[in-house]
Amino acid sequence: MGRLYWKFFAFFFLAQLTAVMGVGISVWVANKNLDRENAQLEASPPAKSMIDAASVTLKFGGVDSLRGLMKHWEQRKIPQVYAVNESNVEVQNRKLPIEVVQSARDAMQRMIANSPAPNPASSGNLISRSPVQLVEASDGHQYLLFVPALKYQDASVLPPVDKQPGMLGYSPRQKNRHLFPLMPLLAGVLASLIFAALLAWYFSKPIKKLREAFDSAANGNLDVRVSDAMGERRDELADLGQAFDLMASRLGTLMLSQTRLLHQVSHELRSPLARLQIAVGLARQQPEKSEVSLIRIERESERMDKLVGELLELSRLESGVMNIDKEVIDINELLLTIAEDARFEGMAKRIMIEYVPTATVSVFGQQELLHRAIDNVVRNALKYSPEQSIIHINEVMTGSQVVIRVMDSGPGVVDAELDTIFQAFFRGSNTHHADGHGVGLAIAKQIIEAHGGSIKAYNRGEGGLAVEIHLPVKA
């Protein structure tokens, strides 16, 4: 078990234990207060029956009849009923501690407050089978009837304890009946212990799995996943596990991409480096042809410099470290400039560039980067277009976006490769004869997406490839 488990366990166990102790102590204090009041009075069923009998006698027979009944009861081993008037004078002048009489009056007040009758004393109604009763007698006094606790009664008239348990259904009360609620507290503590352990395990188990997954990922294993270990959980920890899986997946893809990129870069650099070595060797072996060798060395150096520059730019775009200072750009002016440059480059292959500006469309971005992105797409079209063909450039508005299309008449791309042509160093299976490193479209994709747009390619029905660039229009 980890430290987090024990922290969860201790926290919830102490919380549950505090709650159980608080409830237990509250119940115990309430019971002690109730016992303190009830200890002054007898509330057994026989005592209540005798109070009922005394109240009926007092109500219908008067005080003298009650005294006669009480004298008769004194000759028997039964609990004795006491009757106290408003002046705390008992009908037979028996003495009782004042706290006993006060307990009886308090009990009567509680009964009156809980009774549906407005005032049992004034109406003369009897509260059946109650530990105290208040009766208005014919002499104009109100008498409170109750049975004091056994310890306040004359021992000579009390029933023998544990010798006649069946007499009148009487069963003397056990002393110390209300003890501290130890068993409920122990049960609550045990339940708290179990549930605190389960709750701590419920929280710490997925966190332990996440820690193991992070350790595994830190050691280079990016194939580790934790979603399956989360089971059917639907909480923040399960969301964290899914986020970890997504992170590991993306990191794995990125690492694989970087590995593939390094492999491709080494492959791309190997050829010009080999040609450089050959040129150097020829210059040494044939000094009279050193000029030709120097031209070859210069050409290969320029290719490597261009490749390294493109890779650095692509790396900055992919990492997001390149700052984009956005401004309002007129798409028509941008496309006119790109079209003019393309016409100049296409003269060697007698390729025509067809572009007719439409209504003014403005976007928000960095002009140099957008120029480079669209220019890379147009240069790619020039590269693969046959001689004496036409490249069409146009833009149309679709809602809040402008769509720029560059359409050539080249061989197109295999349908399965349409999404991969925007990856670095990718060359279509039917374009091996073309020069270049396959980085231009990848740079264009990164720039367009950095401006909140998108780029895609599709084969034209009449032949050739069309590349669509979607950019949000300035509001």
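Need a quick list: strands (runs of 3 or more DSSP E) entirely within the stretch 295-402 having at least 3 residues that are open to solvent by less than 90 Å² (accessible area, probe 1.4 Å). Break it down stepwise before answering.
On the way: elements: 327-330, 352-355, 362-365, 390-398.
Here the list reads 327-330, 362-365, 390-398.
So, in the stretch 70-98, of the ones that are closer than 18 Å to Gln40 by Cβ and among the polar types (S, T, N, Q), which residue ends up most open to solvent (accessible area, probe 1.4 Å)? Filtering the stretch 70-98 for residues that are closer than 18 Å to Gln40 by Cβ and among the polar types (S, T, N, Q), the one most open to solvent (accessible area, probe 1.4 Å) comes out as Asn88. Residue pairs whose Cβ atoms lie under 7 Å apart, separated by 6 or more positions or on different chains, with the first residue in the stretch 407-419 and open to solvent by 30 Å² or more (accessible area, probe 1.4 Å) and the second assigned to a helix (DSSP H, G or I) and at pLDDT 85 or above, are Pro411/Tyr384. What about Gly410, is it part of a loop (DSSP other than H, G, I, E, B), modelled with pLDDT under 85 and touching a helix residue (DSSP H, G or I) at 6+ places or on another chain (Cβ under 9 Å)? No; evaluated as a whole, the condition is false for this residue. For beta carbons closer than 8 Å, sequence separation of 6+ or different chains, a first residue in the stretch 185-207 that is farther than 20 Å from Met230 by Cα and a second that is of a type outside the set (Gly, Ala, Ser) and surrounded by fewer than 16 Cβ atoms within 10 Å (Cβ to Cβ), the qualifying pairs are Leu185/Met21; Gly188/Val23.
Filtered by the rule that a residue be modelled with pLDDT under 75, in contact with a helix residue (DSSP H, G or I) (Cβ under 8 Å, 6 or more places away or on another chain) and of a type in the set (A, V, I, L, M), the stretch 262-291 gives Val265, Leu269. Of the residues making up the stretch 216-238, those that are outside any loop (DSSP other than H, G, I, E, B), among the hydrophobic types (A, V, I, L, M, F, W, C) and surrounded by 10 or more Cβ atoms within 10 Å (Cβ to Cβ) are Ala217, Ala229, Met230, Leu237, Ala238.
Of everything in the stretch 30-52, what is assigned to a helix (DSSP H, G or I) and modelled with pLDDT of 70 or more? Give them in sequence order.
The first filter runs over the stretch 30-52 and keeps only residues assigned to a helix (DSSP H, G or I), leaving 30-38, 45-52.
Result: Pro45, Pro46, Ala47, Lys48, Ser49, Met50, Ile51, Asp52.
Does the stretch 188-222 hold any residues that are more than 29 Å from the chain's Cα centre (by Cα) and modelled with pLDDT of 70 or more, and which are they? Of everything in the stretch 188-222, those that are more than 29 Å from the chain's Cα centre (by Cα) and modelled with pLDDT of 70 or more turn out to be Val189, Leu190.
Does the stretch 430-447 contain any residue that is at pLDDT 85 or above, within 23 Å of Ser362 (Cβ to Cβ), assigned to a strand (DSSP E or B) and open to solvent by 20 Å² or more (accessible area, probe 1.4 Å)? Within the stretch 430-447, none of the residues are at pLDDT 85 or above, within 23 Å of Ser362 (Cβ to Cβ), assigned to a strand (DSSP E or B) and open to solvent by 20 Å² or more (accessible area, probe 1.4 Å).
Only residues that are aliphatic (A, V, I, L, M) and under 11 Å from Arg379 (Cα atoms) were counted across the stretch 327-350, and they come to 3.
The values are calculated or read from the model by the stated rules, or taken from the named source; none is laboratory data. Here the structure is a predicted model, which is why all the values come from computation and not from measurement. Here the Cβ is made from the backbone with ideal geometry for all residues, glycine too, and neighbour counts use every protein chain on show. SASA here: full protein model, heavy atoms, side chains in, ligands and nucleic acids out. Shrake-Rupley method; radii C 1.70, N 1.55, O 1.52, S 1.80 Å.
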